[in-house]
1. Once a ≥ b ≥ c are taken as the square roots of the eigenvalues of the Cα gyration tensor of region 62-132, is the result rounded (a/c under 1.5), prolate (a/b larger than b/c) or oblate (a/b not larger than b/c)?
2. Note down the magnitude of the dipole of region 5-90 about its Cα centre, charges +1 on Lys and Arg C-beta and -1 on Asp and Glu C-beta and zero elsewhere, to the nearest 20 debye.
3. Assign unit charges at the C-beta atoms only (+1 for Lys and Arg, -1 for Asp and Glu), then state the dipole size of the chain relative to its Cα centre in Debye, rounded to the nearest 20.
4. Run the accessible area of region 1-132 with a 1.4 Å probe and give the carbon-and-sulfur part as a rounded percent.
5. Using modelled backbone amide H atoms (1.01 Å from N, in-plane), which distant-in-sequence or interchain residues come within less than 5 Å of Leu58's amide H?
6. How many Å² of accessible area per residue for the chain, probe 1.4 Å?
7. Once fully extended, how much extra length lies between Gln136 and Tyr17, figured as 0.36 nm per residue of separation less the alpha-carbon to alpha-carbon distance?
8. What list of ³J(HN,Hα) values in whole Hz, one per residue of region 35-44 in order, does the Karplus curve 6.51 cos²θ - 1.76 cosθ + 1.60 (θ = phi - 60°) give from phi, with Gly and Pro shown as x?
Amino acid sequence: MSDQPMLVRYGALPKQYQFVTSTADEVLYSGAYGAGKTRALALWAVMRATHPFARVGLFRMRLQDLLNTTLATLLEGDGELPPLLPRGTYHHNQQRRVIRIHNAGQIVYDQLEDIERVASLNLSDAGVEEASETEQEHWEKIGKR
């Protein structure tokens, strides 16, 4: 599946499209409340995890904050927007914090408060929600994953 139809189907805004399709090693998406940052990060993760054997990491300083934002957008939807992963297209192991997309890769998620646990993961890509909450050490360790 090409990226364009998925982005159109999920109604990506121009800035979200630019963020999601960037090929740069590091990309920052900033903006005011309601600018679609969380949805862009969740869409970015889904697009990368649809490739077989991909292992995409999603992180935030505190796990509960990640569950309330990015994971909710992925699995429940956001306002009137549908979830990015429709029911029946994935298996979610909450204890292991892994979402396995059927016939594709997986998304792993965790908190950055325990950076050593995160630092031991093997990932194909990694995204951070609310990078302003992180410290340089977190950013460096995630970059090595």
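1. oblate
2. 100
3. 560
4. Looking at region 1-132 in its full context, I get 49 percent from C and S.
5. Val108, Tyr109, Asp110, Gly127
6. For the chain, the solvent-accessible area averages 59 Å² per residue.
7. 40.1 nm
8. 7, x, 5, 5, 5, 4, 5, 5, 5, 4
The values are calculated or read from the model by the stated rules, or taken from the named source; none is laboratory data. As the structure is a computational prediction, the values presented were derived from the model and not from experiment. Counting neighbours? That spans all protein chains shown, and the Cβs are built from the backbone with ideal geometry, glycine included. For accessibility, only protein heavy atoms count, side chains too; no ligands or nucleic acids. Shrake-Rupley method; radii C 1.70, N 1.55, O 1.52, S 1.80 Å.
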